[in-house]
1. Under a 1.4 angstrom probe, counting protein chains only, how are GLU760, GLU142 ranked by accessible area, largest first?
2. Please report the Cα spread of the range 788-854 along all three principal axes, rounded to whole Å, starting with the longest.
3. Please compute the contact order of the range 757-815 in relative form: average sequence separation of alpha-carbon pairs under 8 Å and at least six residues apart, divided by the residue count, as a percent.
4. Output wanted: per-residue J couplings in Hz (rounded whole) for the range 277-286, from phi through Karplus 6.51 cos²θ - 1.76 cosθ + 1.60, θ = phi - 60°, x for Gly and Pro.
5. Tell me, what is a quarter of the convex hull surface for the C-alpha atoms of the range 478-539, in nm² with one decimal?
6. What does the accessible area of SER57 come to, in Å² to the nearest 10, when a probe of 1.4 Å is used?
7. Per DSSP H run of n ≥ 4, the term is -39500 (n - 2.57); total these for the chain, divide by its residue number, and report the mean residue ellipticity at 222 nm rounded to 500 deg cm²/dmol.
8. GLU406 accessible area, nearest 10 Å², 1.4 Å probe?
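The values are calculated or read from the model by the stated rules, or taken from the named source; none is laboratory data. Note that the coordinates shown come from a computational prediction; the quantities given were computed from them, not determined experimentally. Here the Cβ is made from the backbone with ideal geometry for all residues, glycine too, and neighbour counts use every protein chain on show. SASA here: full protein model, heavy atoms, side chains in, ligands and nucleic acids out. Shrake-Rupley method; radii C 1.70, N 1.55, O 1.52, S 1.80 Å.
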Amino acid sequence: MRLTTCIIGLTCVTALAASAPAAETVRIEVASGAPRILVDGKPVRARIFWGGPGSRSLPIGPQTQALSFEFTPTEDEPAHATMHLRFGHIPGDIYLDDIHVVDLNTGADVIPICNFDGGQADFTRNWIIYPPGDTNTVATVEVVPKGGKDNSAALHVALKAPPDGNWPDFHIYHRPCLSLNKEHRYCVTLWVRSTPERDLAVAFYRPGHTFVFLGGPENGFADQIKMAAAAGVDFVSFPIGMPWPQPGESVDWSSVDAACRRVLKANPKALLLPRFGMEPPAWWQKANPEEMMVWDKSIRPSGAVVGSPKYRHDAAQRLEALVSHLEQQFGPHMAGYHPCGQNTGEWFYQDTWGPALNGYSKGTERAFRSWLKQQYPTDAAIQSAWRDPNATLQSATVPTPAARREAPAGTLCDPTAQCAVIDFARFQQQAMADCVCHFAHTVRQATHGRNLVTFFYGYVFEFAAVRNGPATAGHYALRRLLECPDIDLLCSPISYFDRGLGQSAPAMTAAESIALAGKMWLYEDDTRTYLGTGKFPGWRDRVDTIEDTNAELVRNTAQCALRNLATWWMDLGMSGWFNDPRMWAEMKRLNALDQPLLEHPLAFQPSVAAVIDEPSMIRTSFNGYLATSPGVYQVRCPLGRMGAPYGQYLLDDVTAGRVPAKLYVMLTAWYLSPQQRRQLLDATRGTVRIWCYAPGYLQAQGASFDAMAELTGFRIKEVSPPKTLAEPTASGKALGLTQVFGADASVRPLFAAADATPEETLATYSDGSPAVALRHTSDGWSLFVGPPGLTSELLRLAARKAGVHLFTQTDCNVYANGPYLVIHTAEDGPLQIDTGHAAPVRDLLSGQSLGRGPNLTLDLGRGQTRVLQIQ
């Protein structure tokens, strides 16, 4: 048993820990092909709440408002508390007046009324602007006459957009001299107006290496933890700081301990999964400038070089100290750890979605040279591969930005002329993956193998839309993480594509390959509920009612149950997005789906496999998104609507014979060795294969039309119509095709089935060449699709040829496993369902009998979700 060490002055936490059963181990186990979370050997629901302490945002606008709220501090701070005001990332004007904080228990002023009538001195005497000096690129702050209440003076904050598009954490804060008592209640009032409308964030903190949140407008954090617990969800994930003091300074654990105590106060049985950043503090960055990332364009320095031995060593030391501390203080309640780093903490390179290219620091160059020495035995070998007589292992440099932006062969890199660019892309994937594995091992060692180790990684579908090319993300070494014994959970948000009402909420990754590797994928469900605030990612898909909110949440969580995925409901804005018991009532009802699958686990083995290949993806060029965005990123929409469930796999699982599907959708089988081609054909013999865009085109020695013919069964030729659109032919229309699809742009290279007969040609380019062709071969049906992308009707056609059971013949988001069927409607009107069995069907969540299969009609509107059990 792990013992909980008493924290001085915090005996309540010891009591809480003693009253709750200790969790000796929390790990992943695979049973019957289904990964499950086990707590002390017992399978439990992989359902988590994610939230954090913070302030509920206060909406303000052009109309004058007198805002008021009360709060009770989470901690005592007798002398150094501070008040922060943040205004969001919207240009405009804010006017503030009569800021006042009073202790309701004593009547004493904490901040006497600040009305700015004394001019600028009233501001500078007690308030500070952050960031200071030239680093503040967005705001001017000044006291102006007649801008405030009753035409008095006011503080005017004028915000403008930053010139580089990167908003700093601009705010104003009171000098740290305020006194707060956790036993007292405080009232905050202020006068404010804003043009345009925005959210105002007000919060009180204790400053330090990491700031401790003390209070603000209540955001419902504790209430949501309690609601989750009542719904059977005791796992809680939440943010904590990473104490990283300078040499010689003591470590301040107060903010870390306070964060854990806050959760345990709300739910004494909580199992904690804290999330924390691994980026080094400012003092470390200043001391190690060569170990910080550098871009080819002007960007604020941020992000340590993940390939830097110095960074990995120092960060791992702090990680080990943090985990050891938490194990000592809260051991029985620690479910696991979630280290985060790089862009938004998700272990993809900073500014991946932007226009700049990283890789130009001294630390990156050193790490790249070290990697090259593992790839090439001699200088002669690298000179031959790079076609550069001056290249040496000691002097090789990162390819220039111009070289990385060139696309001489179009959307796919030339494997001979662009070898150096490809090598750097390979290096960037492995550097990121190896850094993650390094930290995973640190956590595993520090917990003695008892707890979950969780990381963001593997967005192999999502980063297909990156303009600079998928490889700039660093997420295409997923297989390395799947082979890492120290990782249990990998995760990402639900895709930000196709996540809205009536859509499919697809995974960013090859989720089913993660299960095959004995690990579990976790959906970060940051659905912007009807209570959501701000313009966080996904805000455009917001819903405005509890009914629509629950339709999305049930769709998402039920999908996770059937695919054996974990999920957390994430209060992304930390402003109470899930603060409604009606949402948690749905989570409680979903236990009717979770529990049987825990007791009798079912591997998710859908008949349709969407297959992606990592080596092929990192061989796309700078403008490769022209093919990968419609062909990999957006293709999840028609896959989700086809009327049958599909799985997402890595190609090496298919070649190894681990994916027993009837229909294989080969999305990126572009770069395969002769052995891989034979393995792929052998593993999929007798099935239907959809060959997308450029199957087999890239070889180590250059392009190969023979390899394309070997895979597809067609003689392939290169074509160049002005746009990459395919229009159904008479043969295609006879089989149900109606939609023009592809990319409304010129994509090069582009291919056609040169020897397809008119009967085999289902769609043509504008030049008349066969863009889509279907042929029955000795190995099964082969469907060649030249333009990037697919349609749901084309997928249904292939599914019928493959003998895949279609639950619907029209667009509908369908998830199924065993006797369970989840539908989320994509269209209005009666929905015809073929359950596949002449058996009773009931609504699993309500218990209502819906009739008898196989033919069932449900009168549903778009965006409704039903969880069915075919009895």
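1. Descending accessible area places them as GLU142, GLU760.
2. Computed over the range 788-854, the largest-to-smallest principal extents equal 43, 26, 19 Å.
3. On the way: 50 pairs, mean separation 10.7, N = 59.
Once divided by the residue count of the range 757-815, the mean separation gives 18 percent.
4. Those phi angles translate into x, 10, 6, x, x, 4, 5, 5, 4, 5 Hz.
5. Details: hull surface 20.0 nm².
Value for the range 478-539: 5.0 nm².
6. 30 Å²
7. On the way: 23 runs with 220 residues, N = 871.
So the helix-based figure for the chain works out to -7500 deg cm²/dmol.
8. For GLU406, solvent-accessible area is about 100 Å².
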